[in-house]
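The values are calculated or read from the model by the stated rules, or taken from the named source; none is laboratory data. Here the structure is a predicted model, which is why all the values come from computation and not from measurement. Please note: Cβ atoms are built from the backbone with ideal geometry, for glycine as well, and neighbour counts cover all protein chains shown. All accessible areas refer to the heavy atoms of the entire protein, side chains included, with ligands and DNA or RNA removed. Shrake-Rupley method; radii C 1.70, N 1.55, O 1.52, S 1.80 Å.
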Amino acid sequence: MIITGHQADLLPRSEFWYKMAKADLFDLRIYDPLEARGFQRRVMMRGRWASIPIIAGPPGSLISEARIIPEETREALRAVVTERYRDAKHWSRHGPTILAMIDDIHTEHLWQLNLQLILGVREVLGIRTPVSIAPPPAGTGVTDLISVMHQYNATSYLSGTEGRAYVDDDESYRDSGVQITWSTHRPVTGDSILSVLMDYDDPMSVVMAEEPWLVHASPAGPVGNRRRV
């Protein structure tokens with residue numbers, strides 16, 4: 001069983017959806033620390049940041065603890081999505097659906113807002129991978145990863161390429177024997193998934209695009225035994 005995971009981000013980029021489509025189960029992480037300027041509350045749309053207001057918590061707050069004012073959030077998100085995409089090729093196809101998702105937001109929890117949008121976009125893309133939320137982690141780093149894998153009886157974890165940095169710098173990963181495979185996704189944009197939906201005839205072909213050299217070079221196996229690429 002292959003699992004993957006990511007923080008509960010706002011309308012995330014194509015890398016997020018590639019991992020979801022490739023895994024048997026997607027772990028939505030809501031107990032990670034909230035970053036003041038993180039992707040949980042903002043994302044690029046048309047090469048410019050689009051953000052939503054949140055109620056600031058104390059330093060060290062978790063994603064699960066962040067709050068929003070539903071009406072203000074709906075208005076802000078609806079306005080920016082319309083302004084950035086109303087002239088897009090596929091606005092008439094996807095725009096009303098996205099706006100309806102936004103209008104249906106009534107929660108005061110940031111993570112629940114993002115989850116609603118993630119589930120809605122998952123349906124639009126036709127991805128069937130279940131989304132789950134694991135209990136708070138038992139530790140950090142490799143301890144956290146092993147805990148999550150045990151909770152789901154997983155045999156392998158699919159990680160984004162950004163994970164290489166901290167895995168390479170942490171000897172505990174290399175010594176653990178944890179089975180990690182690496183995403184080979186080739187993004188065409190650093191924008192939100194909305195740019196993919198609005199601009200491309202076949203969004204899933206964009207989501208599933210891979211770098212050929214990574215497909216051949218990326219090994220599968222315990223972290224400690226893998227080749228560097």
Q) Can you name the condition, by its number, that Met208 falls short on among (1) farther than 20 Å from Gln7 by Cβ; (2) at pLDDT below 70; (3) hydrophobic (A, V, I, L, M, F, W, C)? A) (2)
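For (1) within 19 Å of Met198 (Cα to Cα); (2) of a type in the set (Phe, Trp, Tyr), each residue gets a yes or a no:
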{"site": "Ile54", "(1), (2)": "no, no"}
{"site": "Pro58", "(1), (2)": "no, no"}
{"site": "Ser61", "(1), (2)": "no, no"}
{"site": "Pro70", "(1), (2)": "no, no"}
{"site": "Glu83", "(1), (2)": "yes, no"}
{"site": "His90", "(1), (2)": "yes, no"}
{"site": "Thr97", "(1), (2)": "yes, no"}
{"site": "Ala100", "(1), (2)": "yes, no"}
{"site": "Trp111", "(1), (2)": "no, yes"}
Q) Going by the structure shown, is Arg67 touching a His at 6+ places or on another chain (Cβ under 8 Å) and at pLDDT 95 or above? A) yes
Q: Would you point out the residue of the range 41-73, among those that are part of a strand (DSSP E or B) and among the basic types (Lys, Arg), that is surrounded by the fewest Cβ atoms within 10 Å (Cβ to Cβ)?
A: Arg48
Q) Of the residues that make up the range 25-32, is at least one touching a Leu at 6+ places or on another chain (Cβ under 9 Å), part of a strand (DSSP E or B), in contact (Cβ under 8 Å) with a residue 40 or more places away in the chain and surrounded by 15 or more Cβ atoms within 10 Å (Cβ to Cβ)? A) yes
Q) Only one of (1) open to solvent by 40 Å² or more (accessible area, probe 1.4 Å); (2) farther than 21 Å from Gln7 by Cβ; (3) out of contact with any Asp or Glu (no Cβ under 8 Å at 6 or more places or on another chain) fails for Tyr85. Which number is that? A) (1)
Q: Go through Pro137, Pro203 for me and flag whichever is modelled with pLDDT under 95 and either closer than 30 Å to Arg78 by Cα or not small (Gly, Ala, Ser) (or both).
A: Pro137
**Q.** Single residue of Ala76, Ala8, Ala36 found to be over 23 Å from Asp202 (Cβ atoms) and buried (at least 22 other Cβ atoms within 10 Å of the Cβ)
**A.** Ala8
